[in-house]
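Take a look at the structure set out below.
The values are calculated or read from the model by the stated rules, or taken from the named source; none is laboratory data. All figures in this text were calculated on a predicted structure; none of them were measured in a lab. Glycine also receives a Cβ, built like all others from the backbone with ideal geometry; neighbour counts cover every protein chain displayed.
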């Protein structure tokens, strides 16, 4: 009795039983005798191509991989599907999913099924079906020991992505580091994306030195083609971090290149984001009027309200930056108008409601209630979210205000908070746990 025949026979028996079919049902559907099918399942006889095709059709597994060669091909298709998901090609990825879902009909191919599930979870995440993605990962928690290296890699990667979406930057970094620690040759090209995500988490926490280290490594390892948005995205994020770190020349060179690339592939959202950061750079240079002009230009590239890609935060971000420029230009009346517009648009968004109100209070720091708001609400809120650069900005403004009012004791309290924030900004995540 050959091992290959026995292996195939056992597979067919498991599939038949999983579908609740008897040998008699199979015999009727395939035109084979019960005795022949029984011998086949016991691995006692060969099966010709015509009979195999009839059995596959009866079991509704025409495209299912059964032989060792077919399984190898199928695994390759799974990895191609992952590439489609990773590059954001949602329509192609969803179409491919329908073809590969056949693996769910093969209860014995546990490894491939778990790999399929982790790639499916990635697709759910890019489709922003967060609850379904969380459910998939919860189900997979008890199966980590059964997973191949690629599936475990994707499990931790998916966990990190979900943490990032919920602004849990510390855990996002932890999970992505766990993914990076897994050696997997087949997903080696994905490491650039992981490093990008680690860099983004550090950026969100205001730890720009750590962000730049990871983003530069991501840029070095990136190997996508010119149509892949991840390459320009790395440059955009690097430009932002270099700007925050004070290297405005480097930031401007990076964002100029990213802007040209986004225009060349007609990526309007990419153009809009790049313009916003270019405006930020001009703001850091003190050219607030130029920044305001570019902010207005950037909004022309954002999707309209009825566009499926519409994101109200794009407009909120633009209004916040415009208000920030007008505040620095001491055009407080114009700033107040922009803030009112922003608060109206952000009525269902806790974060932007708070940042608009915070700038409003900045204009009235002589008022004790405004100073108290910045100290007890604004600064703790940004620290809680690991938005350390923003927390530090408000500390500096509040400390300066207290000095002008000769409130040295209050100024010293805020200075101590600022020192703690500086320490957090230069420490690694693991150093603070």
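Rundown of residues vs (1) modelled with pLDDT of 90 or more; (2) buried (at least 22 other Cβ atoms within 10 Å of the Cβ); (3) over 26 Å from residue 202 (Cβ atoms), yes/no style:
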site	(1), (2), (3)
91	no, no, yes
98	no, no, yes
105	no, no, yes
132	yes, no, yes
140	yes, no, yes
144	yes, no, yes
147	yes, no, yes
171	yes, no, no
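Name every residue in region 370-389 that is closer than 22 Å to residue 210 by Cβ and surrounded by fewer than 19 Cβ atoms within 10 Å (Cβ to Cβ), in order of residue number. Answer for region 370-389, where residues must be closer than 22 Å to residue 210 by Cβ and surrounded by fewer than 19 Cβ atoms within 10 Å (Cβ to Cβ): 384, 385, 389.
Could you please find all residues in region 206-235 being at pLDDT 85 or above and assigned to a loop (DSSP other than H, G, I, E, B)?
If the condition is that a residue be at pLDDT 85 or above and assigned to a loop (DSSP other than H, G, I, E, B), then 207 is the only one that fits.
Candidates are the residues of region 377-421 that are in a helix (DSSP H, G or I) and at pLDDT below 85; the one that is farthest from residue 165 (Cα to Cα) is 389.
Give 376, 353 a once-over and let me know the one that is in contact with a helix residue (DSSP H, G or I) (Cβ under 8 Å, 6 or more places away or on another chain) and either within 17 Å of residue 288 (Cα to Cα) or without any contact (Cβ under 8 Å) to a residue 40 or more places away in the chain (or both).
Of the residues listed, the single one that is in contact with a helix residue (DSSP H, G or I) (Cβ under 8 Å, 6 or more places away or on another chain) and either within 17 Å of residue 288 (Cα to Cα) or without any contact (Cβ under 8 Å) to a residue 40 or more places away in the chain (or both) is 353.
Scanning region 345-363 for residues that are surrounded by fewer than 20 Cβ atoms within 10 Å (Cβ to Cβ) and modelled with pLDDT under 90 turns up 345, 347, 348, 349, 350, 351.
Mind counting the residues in region 283-315 that are touching a helix residue (DSSP H, G or I) at 6+ places or on another chain (Cβ under 7 Å) and modelled with pLDDT of 85 or more? So the answer is 11. In region 68-76, is there at least one residue being touching a residue at least 12 places away in the same chain (Cβ under 8 Å) and touching a helix residue (DSSP H, G or I) at 6+ places or on another chain (Cβ under 6 Å)? The answer is no, given that none of the residues of region 68-76 is touching a residue at least 12 places away in the same chain (Cβ under 8 Å) and touching a helix residue (DSSP H, G or I) at 6+ places or on another chain (Cβ under 6 Å). Taking region 13-24 as the range and being in contact with a helix residue (DSSP H, G or I) (Cβ under 8 Å, 6 or more places away or on another chain), under 15 Å from residue 60 (Cβ atoms) and part of a helix (DSSP H, G or I) as the test, the residues that pass are 15, 16, 18. Among the residues of region 107-119, at least one is crowded, with 18+ Cβ neighbours inside 10 Å and closer than 30 Å to residue 267 by Cα.
Residue-level check: of (1) closer than 30 Å to residue 185 by Cα; (2) part of a helix (DSSP H, G or I), residue 63 misses just (2). Could you tell me whether any residue of region 155-171 is over 27 Å from residue 382 (Cβ atoms), free of Cβ contacts under 8 Å to residues at least 40 places away in the same chain, assigned to a helix (DSSP H, G or I) and over 11 Å from the mean Cα position of the chain (by Cα)? Yes, region 155-171 has at least one match. Of all the listed residues (132, 93), the sole one being over 18 Å from residue 70 (Cβ atoms) and touching a residue at least 24 places away in the same chain (Cβ under 8 Å) is 93. Taking the criterion of being loosely packed, with under 14 Cβ neighbours inside 10 Å, at positive phi and touching a helix residue (DSSP H, G or I) at 6+ places or on another chain (Cβ under 6 Å), no residue of region 25-67 qualifies.
Report whether or not residue 144 is touching a helix residue (DSSP H, G or I) at 6+ places or on another chain (Cβ under 7 Å) and in contact (Cβ under 8 Å) with a residue 40 or more places away in the chain. Spelling it out, it is not the case that residue 144 is touching a helix residue (DSSP H, G or I) at 6+ places or on another chain (Cβ under 7 Å) and in contact (Cβ under 8 Å) with a residue 40 or more places away in the chain.
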